[in-house]
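Q: The following block contains the structure, expressed as structure tokens.
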Amino acid sequence: QVQLVESGGGLVQPGGSLRLSCAASGNIGNIYGMGWYRQPPGMLREPVADITSGGIINYASSAQGRFTISRDNARNTVTLQMNSLKPEDTAVYYCYLGRPPGVYWGKGTLVTVSS
């Protein structure tokens, strides 16, 4: 069993920053990637950023240039630094971990960008 716990969400004004963290524990095994998805209100879950065990990083176009993903392989944590936040970034952010035989998800942390 794998457990993922996100932290760092909250309310921030447009233009502000937040740092999300996700800690993985349990029977983690051989991870092939970790990352973040988000689900805006009334919309489908969408990818934000991910990082493979080899350090290859992918960003959604909405995150490119504003968000930075990083990972600590020794501590099994992944972090999402979000800068220049916009109201459209408002969503529940979910951390995920991929390792055989599947993908595991955290429960999510709410990010609200509003003045």
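Q: If I ask for residues that are of a type in the set (S, T, N, Q) and open to solvent by less than 50 Å² (accessible area, probe 1.4 Å), which ones from the stretch 71-85 would you list? Before the answer, list the steps.
A: Start the filter on the stretch 71-85 by keeping residues that are of a type in the set (S, T, N, Q), which leaves 73, 76-77, 79, 81, 83-84.
Hits for the stretch 71-85 are Asn76, Thr77, Thr79, Gln81.
Q: Moving on to the next point. Being over 17 Å from Ser25 (Cα atoms), open to solvent by 20 Å² or more (accessible area, probe 1.4 Å) and part of a strand (DSSP E or B) is the filter here; which residues of the stretch 86-108 pass it?
A: Taking the stretch 86-108 first, the residues over 17 Å from Ser25 (Cα atoms) are 86-93.
Then drop every residue that is not open to solvent by 20 Å² or more (accessible area, probe 1.4 Å), which leaves 86-88, 90, 92.
The one that is over 17 Å from Ser25 (Cα atoms), open to solvent by 20 Å² or more (accessible area, probe 1.4 Å) and part of a strand (DSSP E or B): Val92.
Listed here are the residues, each with its yes/no results for (1) out of contact with any Ser or Thr (no Cβ under 9 Å at 6 or more places or on another chain); (2) at pLDDT 95 or above.
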site	(1), (2)
Ser25	yes, no
Gly29	yes, no
Gly33	no, no
Gln39	yes, yes
Arg45	yes, yes
Ala49	no, yes
Gly54	yes, no
Asn58	no, yes
Gln64	yes, yes
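Q: Something else about it: Being part of a loop (DSSP other than H, G, I, E, B), crowded, with 19+ Cβ neighbours inside 10 Å and free of Cβ contacts under 8 Å to residues at least 60 places away in the same chain narrows it down to one residue among Ala63, Ala49; which is it? Give the steps one after another, and end with the answer.
A: Numbers: Ala49 fails: part of a loop (DSSP other than H, G, I, E, B).
The conditions single out Ala63.
The values are calculated or read from the model by the stated rules, or taken from the named source; none is laboratory data. Please read all numbers here as calculations on a predicted model, not as lab measurements. Because the Cβ atoms are built from the backbone with ideal geometry, glycine has one as well, and the counts that use them run over all protein chains shown. Just so you know, the surface numbers come from the protein's heavy atoms only, side chains and all, with ligands and any DNA or RNA stripped out. Shrake-Rupley method; radii C 1.70, N 1.55, O 1.52, S 1.80 Å.
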